[in-house]
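To start, the structure itself, in structure tokens.
The values are calculated or read from the model by the stated rules, or taken from the named source; none is laboratory data. These figures come from a predicted structure and were not determined experimentally. All Cβ positions, even for glycine, are placed from backbone atoms using ideal geometry, and neighbour counts span all protein chains on display. Please note that ligands, DNA and RNA were not included when accessible areas were found on the heavy atoms of the full protein model with its side chains. Shrake-Rupley method; radii C 1.70, N 1.55, O 1.52, S 1.80 Å.
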Amino acid sequence: MKIERVNIPAHFESNGLHEIEMHRLGKIVIIAGKNGSGKSRLFAKLQSALVKQPSRKDYDHMAERKSQLDAIVPSLRASFLEQKQKDETGMKSPADEMGRRALANQLSK
């Protein structure tokens, strides 16, 4: 992949750099400058633009979703095991029997 142009707004991953605009990039791009001039911050900003890092909000959302899933997993597991036992023993629940009767009733009409 050849990068031909870079434009990163100042507010993106603010690290003391202004907006970055680089146009007409050739096959080789050299970034040079004095110590402390911002070369590493430029690379960090480019990396942030190319690779999305999860934000604190993303982590909070994931933690909230995990808590929600943790709350429903036991009931799902119990329902699954109950259905598995019914399937293995051939037992029908009252709801299964009601559904069968309702279907038979509809078919007989």
Exercise. Can you tell me which residues in segment 1-15 are open to solvent by 60 Å² or more (accessible area, probe 1.4 Å), in contact (Cβ under 8 Å) with a residue 12 or more places away in the chain and assigned to a loop (DSSP other than H, G, I, E, B)?
Worked result: 2, 3, 4, 5, 12, 13
For this session: Have a look at 78, 32, 71, 44 and point out the one that is surrounded by 12 or more Cβ atoms within 10 Å (Cβ to Cβ) and either on the phi > 0 side of the Ramachandran plot or of a type in the set (Gly, Ala, Ser) (or both).
Result: 44
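Residues 57, 66: which one is surrounded by 10 or more Cβ atoms within 10 Å (Cβ to Cβ), at pLDDT 85 or above and part of a helix (DSSP H, G or I)? Step through it out loud before you land on a result.
Working: 57 fails: surrounded by 10 or more Cβ atoms within 10 Å (Cβ to Cβ).
Of the residues listed, the single one that is surrounded by 10 or more Cβ atoms within 10 Å (Cβ to Cβ), at pLDDT 85 or above and part of a helix (DSSP H, G or I) is 66.
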Exercise. Is it the case that some residue within segment 39-46 is within 30 Å of residue 5 (Cα to Cα), hydroxyl-bearing (Ser, Thr, Tyr), assigned to a helix (DSSP H, G or I) and touching an Asp or Glu at 6+ places or on another chain (Cβ under 6 Å)?
Worked result: no
